[in-house]
Amino acid sequence: MKLKFTKMHGAGNDFIVIDAINQSIHFSAEQWRALADRRFGIGADQILVVEPAPTPDLDFRYRIFNADGGEVEQCGNGSRAFVRFVVDKGLTNKSTIRVLTMSGVIEPSIASDGRITVNMGVPSFVPADSHFDAEGLATEEQADATLYLLPLSDHVVEVCCVSMGNPHAVQIVKDLKHHAVASEGPVIEHHPLFAKRVNAGFMQVDDAQHIQLRVYERGAGETLACGTGACAAVVSGIQRGVLQSPVEVRMRGGDLQIAWAGAGQPVFLSGPAVAVFEGEIEIAE
């Protein structure tokens, strides 16, 4: 079968976006992996699928597949690409849409200047929401038990565990450029205490409203940017008392802006979304 697609990116986090409203899509994990392969396929960190809304109070359903073929709950940069895609393709004429994801409903909006902001929902520090077995790991000085000492093979790292609809373990590092993200990231991602794996965030705090961030993403490896990772990092920093909203997050692919008013409030993610090219690929059935 022939599949029409659009290649997009948000701050370097790149996507294949597929309209599953006007074409029928039923792919296996192996086929998703083939599409995401950078040598033998199109290449992407994630594949985003636009589907019809299942209920009248929604505009679309949004599905996300990582490069390893697994379906995941949420993707912040992808949500901006999603709204850019449905507006550019004439699938909606609304400036704000309600979209169902595996983790719940999000409401991305696009301004007249093209800037896209997404209400990412209320973050959770409850370990069970990150499928994290945290028993006995909370640091003693944290009465609210949001920081944990996570044992690795030869050392221990202090992480803040945050669910943004998907799980994140964020640590503060002194020298992000030289930190061992490539070796430590996969160890944290596959740590046995995270039943469904975890996104590993490495945050360097420059000042109260500026951070640098690298994220080793679950199922994708280190990416140039991660929207939910940026949200989780800022939320963890505000929770720790080292950041103040709004915060600019500098990632290798570009900058994102995160705002959070505190406990019980949603996180707002702003940043670019760019269409790179469109194409058609033949898929073996």
Which members of segment 1-22 meet the condition of being assigned to a loop (DSSP other than H, G, I, E, B) and either in contact with a helix residue (DSSP H, G or I) (Cβ under 7 Å, 6 or more places away or on another chain) or open to solvent by less than 40 Å² (accessible area, probe 1.4 Å) (or both)? ALA11, GLY12, ALA20
Which of the residues spanning segment 159-181 are surrounded by 16 or more Cβ atoms within 10 Å (Cβ to Cβ) and out of contact with any Gly (no Cβ under 8 Å at 6 or more places or on another chain)? VAL159, CYS160, CYS161, VAL162, SER163, ASN166, PRO167, VAL173, LEU176, HIS179, VAL181
Out of curiosity, is LEU48 in a strand (DSSP E or B) and surrounded by fewer than 17 Cβ atoms within 10 Å (Cβ to Cβ)? no
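What residue, of THR92, THR101, THR146, is of a type outside the set (A, V, I, L, M, F, W, C), over 23 Å from the mean Cα position of the chain (by Cα) and open to solvent by less than 30 Å² (accessible area, probe 1.4 Å)? Reasoning before the result, please.
Details: THR101 fails: over 23 Å from the mean Cα position of the chain (by Cα); THR146 fails: over 23 Å from the mean Cα position of the chain (by Cα).
Going through THR92, THR101, THR146 in turn, just one is of a type outside the set (A, V, I, L, M, F, W, C), over 23 Å from the mean Cα position of the chain (by Cα) and open to solvent by less than 30 Å² (accessible area, probe 1.4 Å): THR92.
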So which residues in segment 112-131 are surrounded by fewer than 18 Cβ atoms within 10 Å (Cβ to Cβ) and part of a helix (DSSP H, G or I), if there are any at all? ALA128, ASP129
Requiring at least 1 residues that are polar (S, T, N, Q) and open to solvent by less than 10 Å² (accessible area, probe 1.4 Å), the strands (runs of 3 or more DSSP E) wholly within segment 206-285 are 221-223
Could you count how many residues in segment 24-40 are more than 11 Å from ALA67 (Cα to Cα) and either open to solvent by less than 40 Å² (accessible area, probe 1.4 Å) or touching a His at 6+ places or on another chain (Cβ under 6 Å) (or both)? 2
Qualifying residue in segment 56-77 (condition: buried (at least 22 other Cβ atoms within 10 Å of the Cβ) and among the small types (Gly, Ala, Ser)): yes
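The values are calculated or read from the model by the stated rules, or taken from the named source; none is laboratory data. Since we're looking at a predicted model, the values are computed, not measured. Note that each Cβ is placed from the backbone with ideal geometry, even for glycine, and that neighbours are counted across all protein chains shown. These accessible areas exclude ligands, DNA and RNA; they are computed on the full protein's heavy atoms, side chains included. Shrake-Rupley method; radii C 1.70, N 1.55, O 1.52, S 1.80 Å.
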